[in-house]
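Rule-based calculations on the coordinates, nothing more; no lab input. A quick note: this is a predicted structure, and the numbers were derived from the prediction, not measured. Every residue, glycine as well, gets a Cβ built from its backbone with ideal geometry; the counts of neighbours run over all protein chains shown.
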Amino acid sequence: MRDETGFTLLPGRLSPDDQARLVADIMQAAREAPFHVQATPGGKPMSVETTGLGPLSWVSDRLGYRYEPRHPLTGQPWPPMPPLLQALWADLVDPVVPADAGLVNLYRPGARMGLHRDEDEADFAFPVLSISLGDTALFRIGGLTRKGPTRSLRLASGDVCLLAGQSRLAYHGVDRIIPGSSRLVPGGGRINITLRRAAPPPALAAPVPSR
Ligand code: MD3
Ligand code: FE
């Protein structure tokens with residue numbers, strides 16, 4: 001189901017049990033690494049709440065966008081990536097090079113995400129893997145420029161998308177969620193997890209001097 005742009009939607013890729021397990025893992029992780037509202041570099045609060053999993057996660061503040069190894073409010077390292085997410089990346093993306101960043105977005109009713117590109121990662125050859133949990137989202141994806149046609153699709157709980165090739169740098173956003181469309185997330189709403197390879201590859205080892 002990979003289209004000509006490199007976009008793949010895997011509807012219902014996660015079983016109901018795996019979905020429930022992931023939500024429980026994320027809510028547990030959020031006790032140490034609380035969901036919080038980030039601001040854009042322009043100072044506007046985002047409508048989603050965010051936390052992170054794994055070695056790095058994406059942060060935004062007055063200084064700009066970047067990946068950081070610690071939660072900006074607690075100063076603590078992000079909680080580890082749940083094994084289920086590591087396994088999904090190994091299955092669908094790369095069995096050797098793990099994801100090093102897990103960005104978790106919580107959409108309570110009314111939250112949205114404006115059209116943007118994900119371009120803060122070192123190597124766009126690695127795809128982005130997205131997992132949807134809870135309420136259905138009306139998701140929008142366009143092309144490589146901000147203008148030009150977009151298409152709208154629904155992302156339901158358990159759906160996984162893979163953004164590879166051209167689609168890796170496509171403009172995309174979330175127009176809205178459909179409140180009450182799932183009972184999975186405690187308190188209602190939607191969780192999206194994006195797994196990424198954010199850091200540059202380690203420098204090639206220096207040649208061993210022969211004498
Ligand atoms: C990546 N999240 O966190 S994920 C984001 O549903 C983000 O929370 C949205 O955009 C969400 O940056 C969408 C699915 C997605 C779709 C298209 C993409 C991620 C993508 C295209 C390129 C890169
Ligand atoms: Fe994005």
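For this structure, a couple of remarks:
- If R0 is 22 Å, the Cβ-Cβ spacing of Lys44 and Glu119 corresponds to a FRET efficiency of close to 0.70.
- For the chain, the Rg and Dmax computed from alpha carbons only, in angstrom: 17.2, 69
- Rg/Rg_globular for the range 88-211, with Rg_globular taken as 2.2 N^0.38 Å and Rg from C-alpha atoms: 1.26
- A full extension of the chain between Ser181 and Met1 corresponds to an added length of 62.3 nm, given 0.36 nm per residue minus the alpha carbon distance.
- Sequence-ordered 3J(HN,Hα) estimates for the range 179-188 from the Karplus curve with 6.51, -1.76 and 1.60 and θ = phi - 60° stand at x, x, 7, 8, 10, 6, 8, x, x, x Hz, glycine and proline given as x.
- Here's how it looks for Arg112: its modeled amide H is under 5 Å from those of Ser47, Val48, which are all 5 or more places away or on a different chain.
- Phi angles of the range 197-205 translate, via the Karplus equation with coefficients 6.51, -1.76, 1.60 and θ = phi - 60°, into HN-Hα couplings of 9, 9, 7, x, x, x, 4, 4, 4 Hz per residue; Gly and Pro are given as x.
- Angle in degrees between helix 16-32 and the longest Cα principal axis of the chain, rounded to the nearest 10: 70 degrees
- Computed helical MRE - 222 nm, the chain, DSSP H runs ≥ 4 contributing -39500 (n - 2.57), nearest 500: -4000 deg cm²/dmol
- Applying the Karplus relation 6.51 cos²θ - 1.76 cosθ + 1.60 with θ = phi - 60° to the range 165-176 yields 3J(HN,Hα) values of x, 4, 5, 4, 10, 6, 5, 7, x, 10, 5, 5 Hz, where x marks Gly and Pro.
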